[in-house]
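Participant: Following this message is one structure expressed as structure tokens.
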Amino acid sequence: MAARATTPLIIAIDGPAGSGKSSAARLLAKTLGYLYLDTGALYRAVGWKALKEGVSVQDEEALESLCSRLELTVRPDGEGMRVYLDGRDITGEIRTPDVSRAAAAVAVVAAVRRRLLGIQRRMGSEVGARGGIVVEGRDIGTVVFPEATVKFFLNASPEVRVKRRYEELRQQGMTVDLTQTRQEIDTRDLKDSSRELAPLKVAEDAIRIDSTGQTLEDVVSTMAEAIQQKTGLPVRISRGPVDR
């Protein structure tokens, strides 16, 4: 597959854990030649810092103080991105179950969301001026970039989502249990959909894609075609092998 857009775009991809949005966003960004931004990694970074400093993820005042001195940056890295906190590369350290739980907890704190919202929008503005950006998360099309050029909401069956998350953790060398993984996804889904601040929901103008039974290449091809249809941009799509 090869796709190339000739004008700047903000592509918003939302969806729950295990829906395939991260993999799809990375490959879509690569094929479009745009920057990839995983906003969930920013919340993971805050959760990681809270754990390292012994700050309770329920202590809103302490979290607000933590965020006020947050030096958080991301840099492109091949098909993905690397996360730097206070000048330290923490990309690999924020992908643990403990950090995932901490990220879900800090994501409901208003001060944290305000701080990260500003960072995300600044990145979108700066990158948009130079080219384009593919942003994925849980409130991108509804809160972060409600004016995004094209919005997608990616989902999959519960069984597929659990299996994907389980395999992801195993590939990272972690000892995981399938039942526990299912429980953690169920808990995260409930928190994401029921929180008062920026809950996970489908934007009214989002294009829904069910990735169950589809290959990553199929999903990204569908997205590229939708971008072409929605924007009229000359996006060229080839369904040949992908260099991954």
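The values are calculated or read from the model by the stated rules, or taken from the named source; none is laboratory data. The structure presented is a predicted model; accordingly, all values stated were derived computationally and were not measured. When we count neighbours, we look across all protein chains shown, and the Cβ atoms used for this are built from the backbone with ideal geometry, even at glycine.
Participant: Can you work out which of the residues in the stretch 63-79 that are out of contact with any helix residue (DSSP H, G or I) (no Cβ under 8 Å at 6 or more places or on another chain) and either closer than 17 Å to L51 by Cα or among the acidic types (D, E) (or both) is modelled with the highest pLDDT?
Facilitator: Among those residues, the one meeting the criterion is S65.
Participant: For the stretch 76-100, what are the residues that are more than 15 Å from the chain's Cα centre (by Cα) and closer than 23 Å to K30 by Cα?
Facilitator: If the condition is that a residue be more than 15 Å from the chain's Cα centre (by Cα) and closer than 23 Å to K30 by Cα, then D77, G78, Y84, D89, I90, G92 are the ones that fit.
Participant: Any chance the stretch 61-74 includes a residue that's under 16 Å from the mean Cα position of the chain (by Cα), surrounded by fewer than 21 Cβ atoms within 10 Å (Cβ to Cβ) and not hydrophobic (A, V, I, L, M, F, W, C)?
Facilitator: Within the stretch 61-74, one or more residues are under 16 Å from the mean Cα position of the chain (by Cα), surrounded by fewer than 21 Cβ atoms within 10 Å (Cβ to Cβ) and not hydrophobic (A, V, I, L, M, F, W, C).
Participant: Now a separate question. If I filter the stretch 33-60 down to residues being of a type in the set (D, E, K, R) and crowded, with 19+ Cβ neighbours inside 10 Å, which single residue comes out as farthest from G15 (Cα to Cα)? Quick ask: steps written out before the conclusion?
Facilitator: At the first step, the residues of the stretch 33-60 found to be of a type in the set (D, E, K, R) are 38, 44, 49, 52-53, 59-60.
Restricting the remaining residues to those that are crowded, with 19+ Cβ neighbours inside 10 Å gives 38, 44, 49.
Details: D38: 12, R44: 17, K49: 25 Å.
Taking the candidates together, the pick is K49.
Participant: Out of L117, L178, L154, I need the residue that is within 27 Å of V202 (Cα to Cα) and either free of Cβ contacts under 8 Å to residues at least 40 places away in the same chain or in contact with a His (Cβ under 6 Å, 6 or more places away or on another chain) (or both). Which one?
Facilitator: Unique residue meeting the criteria: L117.
Participant: Related question: Take the stretch 22-66 and flag every residue that is of a type in the set (F, W, Y) and within 19 Å of G118 (Cα to Cα).
Facilitator: Correct list: Y36, Y43.
Participant: Within the stretch 133-151, does at least one residue satisfy the condition of being of a type in the set (K, R), crowded, with 16+ Cβ neighbours inside 10 Å and at pLDDT below 95?
Facilitator: The answer is yes; a qualifying residue exists.
Participant: Given (1) over 17 Å from V127 (Cβ atoms); (2) buried (at least 21 other Cβ atoms within 10 Å of the Cβ); (3) among the aliphatic types (A, V, I, L, M), where does A12 come up short, assuming only one miss?
Facilitator: Going through (1) over 17 Å from V127 (Cβ atoms); (2) buried (at least 21 other Cβ atoms within 10 Å of the Cβ); (3) among the aliphatic types (A, V, I, L, M) one by one, A12 breaks only (1).
Participant: Continuing with this model, one more query. Quick check: anything in the stretch 181-195 in a loop (DSSP other than H, G, I, E, B), closer than 27 Å to V109 by Cβ and at pLDDT 90 or above?
Facilitator: Scanning the stretch 181-195, I find no residue that is in a loop (DSSP other than H, G, I, E, B), closer than 27 Å to V109 by Cβ and at pLDDT 90 or above, so the answer is no.
Participant: Return the pairs, sorted by first residue and then second, in which the second residue is part of a helix (DSSP H, G or I) and surrounded by fewer than 21 Cβ atoms within 10 Å (Cβ to Cβ), the first residue lies in the stretch 37-64 and is of a type in the set (D, E), the beta carbons are less than 6 Å apart, and the residues are 6+ apart or on different chains.
Facilitator: So the pair list comes out as E64/A111.
Participant: Please state which one of R82, R26 is crowded, with 16+ Cβ neighbours inside 10 Å, charged (D, E, K, R) and at pLDDT 90 or above.
Facilitator: Working: R82 fails: crowded, with 16+ Cβ neighbours inside 10 Å.
One residue alone meets the criteria, R26.
Participant: Check whether at least one residue in the stretch 220-237 is touching a Ser or Thr at 6+ places or on another chain (Cβ under 7 Å), at pLDDT 90 or above and assigned to a loop (DSSP other than H, G, I, E, B), and report yes or no. Please lay out each step first, then the result.
Facilitator: First, the residues of the stretch 220-237 that are touching a Ser or Thr at 6+ places or on another chain (Cβ under 7 Å): 220, 224, 231, 233-234, 237.
This time we only want the ones that are at pLDDT 90 or above, so: 220, 224.
Pick out the ones that are also assigned to a loop (DSSP other than H, G, I, E, B) and you get none.
Looking for residues that are touching a Ser or Thr at 6+ places or on another chain (Cβ under 7 Å), at pLDDT 90 or above and assigned to a loop (DSSP other than H, G, I, E, B), one finds none in the stretch 220-237, hence no.
Participant: Which of the residues spanning the stretch 217-230 are in contact (Cβ under 8 Å) with a residue 60 or more places away in the chain, surrounded by fewer than 17 Cβ atoms within 10 Å (Cβ to Cβ) and closer than 18 Å to V160 by Cβ?
Facilitator: Hits for the stretch 217-230: nothing passes.
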